[in-house]
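One structure below.
The values are calculated or read from the model by the stated rules, or taken from the named source; none is laboratory data. Only a predicted model underlies this, so the values are computations on that prediction, with no experimental measurement involved. Note that we place each Cβ from the backbone using ideal geometry, even for glycine, and neighbour counts take in every protein chain shown.
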């Protein structure tokens, strides 16, 4: 890296406790779209942003929200590595921007004390001063800045206040030497740290020159902060992560134990001295900086909490909120969904009229348009779901929900911490699985990851919606507040939850046995969810869906069209049917002149022949052959080869099943028909078993399909993320096998039981 | 010195000692339950809600750690 480019661009790392408004600040500084939140664990991924200030290009790195830089959880490990410039994918930060919230300054200074020890330039952003003022607290930023020895800038990111001053401070700090680290620990501890550091440097000289020797300051020294952490973190996760040879590792373990013993004898018990000394330092820093405290937190918040966290009322309210949410997803989305569908119907009608029959028309209507419609039709539901989830999250309610759920989660061996990742999985298992990084206990985390895909994600919603709209009667109860369709939807979600609970229990009793996890979670102050953030996230998530899931759905729609369209049957195989069709068409033409023969009869038999041609064609297609091949296996579930084919097609991503069902059942149906009601819904209601002529679908089949999709693992992306997060191949394979087996068995039982009840 | 779980709603005190497995104790101390910190019980039970440094925390005792409290009024 040359000096010139080094001066042109800065890298700035953002670090802060959860609920400090760090993500909001990141969004305000960089203008980059990103998910913001106010409950622990929402920012688990590394986020980058770009901005230009005073002619400098600045790269912002948003680090996971964390209470401490102790390198014990994966999130903290990433933060420590980025801040120390030890990650190859992020340049070493020129400035560390540490975000602290005014209303709990003392606790946030704990993290600041750790950041100051890293030996990099630091700027502190002070947020939520309005909240602190509302509680009668005054904070003197200049005084705080003098005490800390680094610039402190007051910002209100939501209103855009203080951002320019913050950028100025960042650019200035980047050109200045780092502040001298505060002296936090007694002499004897410092001496042990230096001794250990020297020993590690000697032990790793050989490796160091080869791999990472070419850093900016010549031969890199082992960071003092890491040496300190090695002594303080008795759990040993950092110790295992240090790259030294086997023999040296043994010695390191022995040395650490000896150092800790010596320190304990000297009156410095490890790790207790860390918290004691850091908080002592924080209290001293804040002397005279904060005035007028003692006023209790907002009393209306207390009153709300008295109800919302109540064991009975709170739980009832939580259940009510979730019921209303899922009912709304179904009910409110109906009108825009109908509108989107009829728009696509009109479009394909126009195309059918304009183009001659053949492969091109079929590709455009049944492949391209069907694919687009399959994507766009789910946007209303995704918008509504994220509207609710974001409101709950931003208001601070989700943390209360986690608190309430803890007493239930403990029964399946998990803590309330697993609740938020699992709730996020209702939107999509991928962010949910990534959110499990905040769970420190490895077995708890693994269990949560393995059951997260059982939560009904938004990709299952299309399947449920289609089946419910077509086969569950729209009965209402309690004056329209509850309807059978909404309740069926709720039942599918509950099924996933119950199976997940059983799986968690099973896993925690067997392979992932561990002690009962503890639970400690911040309950942030209640705030009105800012409308801008809510709307922004709604569109963000919707766009995400169109981009990621949408492109897959679209591509697979085209491929599936091809698998269903080809190979075409030869003229000799179709000859008798085609001849019949032509005869009927001619008869219908003459009909216009001769009113004696009934026109309806002719038209009906013409349609019958056309559909038989299409049916023959589809049976012979590649997908049809696959479907027929597995038909014996899916017959007990009440499925025919068409449903079987759609399920095969949905192996890479379950949302594809709807567009495939659309292609399979829609081809050949008259696109001008079905005004007001969904074309696909009608096609499904009209589908018959070819041998008996009985309707193919009914409530039992619809239920068995829904149950199958509620439990199956048909999502390649989720399996990939499980592989990445567990760093193994075995866990995603296990997930796929167990979920598919469960899905098959449950669908079998559902179909058989429902048919027996219906008979 | 009494266990935190014995505090009644509205009662407050100071953390006297956190006992248990070292790294669990370390985490609790980091979150503010260090010796001498002022704690108020908001909602007893399991999990309970405590007020610590002006913030509310949902908390359930770990099998591996116990928080002991010096009873007494503790104006933060």
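The table below gives the values:
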read-out	value
Residue identified as in a helix (DSSP H, G or I), touching a helix residue (DSSP H, G or I) at 6+ places or on another chain (Cβ under 7 Å) and closer than 21 Å to residue A:494 by Cβ among A:344, A:326	A:326
Residue count for region A:312-332, restricted to those that are in contact (Cβ under 8 Å) with a residue 60 or more places away in the chain and farther than 21 Å from residue A:524 by Cβ	7
Pairs, first more than 7 Å from every other protein chain (Cβ to nearest Cβ) and farther than 25 Å from residue A:514 by Cα in region B:49-72, second assigned to a strand (DSSP E or B) and at pLDDT below 80, C-beta under 9 Å, six or more apart	none
Residue match in region A:33-44 (condition: surrounded by fewer than 22 Cβ atoms within 10 Å (Cβ to Cβ), outside any helix (DSSP H, G or I) and modelled with pLDDT of 85 or more)	no
Flag if residue A:169 is touching a strand residue (DSSP E or B) at 6+ places or on another chain (Cβ under 7 Å), part of a helix (DSSP H, G or I) and within 14 Å of chain B (Cβ to nearest Cβ)	no
Meets criteria (away from chain B (no Cβ under 12 Å) and over 30 Å from residue B:45 (Cβ atoms)) for residue A:359	yes
Criterion: more than 14 Å from chain B (Cβ to nearest Cβ), under 30 Å from residue A:529 (Cα atoms) and surrounded by fewer than 21 Cβ atoms within 10 Å (Cβ to Cβ) - qualifying residue of A:426, A:378, A:344, A:388	A:388
Hey, residue B:27 assigned to a helix (DSSP H, G or I) and crowded, with 19+ Cβ neighbours inside 10 Å or not	yes
Verdict on residue A:248 being in a helix (DSSP H, G or I) and either exposed (fewer than 11 other Cβ atoms within 10 Å of the Cβ) or touching a residue at least 12 places away in the same chain (Cβ under 8 Å) (or both)	yes
Count of residues meeting criterion [crowded, with 24+ Cβ neighbours inside 10 Å and either touching a strand residue (DSSP E or B) at 6+ places or on another chain (Cβ under 9 Å) or at positive phi (or both)] in region A:702-724	2
Residue B:76 vs. criteria farther than 17 Å from residue A:403 by Cβ, at the interface with chain A (Cβ under 8 Å from one of its Cβ atoms), modelled with pLDDT under 85 and not in a helix (DSSP H, G or I)	yes
Conditions (1) farther than 27 Å from residue A:292 by Cβ; (2) more than 32 Å from the chain's Cα centre (by Cα); number of the one not met by residue A:167	(2)
Hits in region A:52-67 - residues which are part of a loop (DSSP other than H, G, I, E, B), touching a residue at least 24 places away in the same chain (Cβ under 8 Å) and surrounded by fewer than 23 Cβ atoms within 10 Å (Cβ to Cβ)	A:54, A:67
Residues located in region A:495-535, provided they are modelled with pLDDT under 75, away from every other protein chain (no Cβ under 14 Å) and over 16 Å from residue A:451 (Cβ atoms)	A:530, A:532, A:533
Count of residues meeting criterion [more than 13 Å from chain B (Cβ to nearest Cβ), part of a helix (DSSP H, G or I) and farther than 17 Å from residue A:16 by Cα] in region A:122-143	5
Test: residue in region A:443-453 that is within 14 Å of another protein chain (Cβ to nearest Cβ) and modelled with pLDDT of 80 or more	yes
Region B:35-44, residues that are more than 7 Å from every other protein chain (Cβ to nearest Cβ) and touching a helix residue (DSSP H, G or I) at 6+ places or on another chain (Cβ under 9 Å)	B:36, B:37, B:39, B:41, B:42, B:44
Top-ranked residue in region B:17-26 [being out of contact with any helix residue (DSSP H, G or I) (no Cβ under 8 Å at 6 or more places or on another chain) and within 7 Å of chain A (Cβ to nearest Cβ); ranked as modelled with the lowest pLDDT]	B:23
Qualifying positions in region A:92-106 - within 10 Å of chain B (Cβ to nearest Cβ) and surrounded by fewer than 23 Cβ atoms within 10 Å (Cβ to Cβ)	A:106
Some residue of region B:5-16 being closer than 27 Å to residue A:405 by Cβ, more than 7 Å from chain A (Cβ to nearest Cβ), part of a strand (DSSP E or B) and in contact with a helix residue (DSSP H, G or I) (Cβ under 7 Å, 6 or more places away or on another chain)	no
Given (1) at pLDDT 90 or above; (2) within 11 Å of chain B (Cβ to nearest Cβ), number of the condition residue A:285 does not satisfy	(2)
Test: residue in region A:79-91 that is at pLDDT 90 or above, in a loop (DSSP other than H, G, I, E, B), more than 14 Å from every other protein chain (Cβ to nearest Cβ) and in contact with a helix residue (DSSP H, G or I) (Cβ under 7 Å, 6 or more places away or on another chain)	no
Extreme residue, nearest to the other protein chains (Cβ to nearest Cβ), among residues of region A:391-409 that are in a helix (DSSP H, G or I) and over 25 Å from residue A:501 (Cβ atoms)	A:395
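A quick yes/no check of all residues on (1) in contact with a helix residue (DSSP H, G or I) (Cβ under 7 Å, 6 or more places away or on another chain); (2) more than 26 Å from residue A:320 (Cβ to Cβ); (3) in a loop (DSSP other than H, G, I, E, B):
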{"residue": "A:447", "(1), (2), (3)": "yes, yes, no"}
{"residue": "A:451", "(1), (2), (3)": "yes, no, no"}
{"residue": "A:469", "(1), (2), (3)": "yes, no, no"}
{"residue": "A:473", "(1), (2), (3)": "yes, no, yes"}
{"residue": "A:479", "(1), (2), (3)": "no, no, no"}
{"residue": "A:487", "(1), (2), (3)": "no, no, no"}
{"residue": "A:496", "(1), (2), (3)": "yes, no, no"}
{"residue": "A:499", "(1), (2), (3)": "yes, no, no"}
{"residue": "A:504", "(1), (2), (3)": "yes, no, no"}
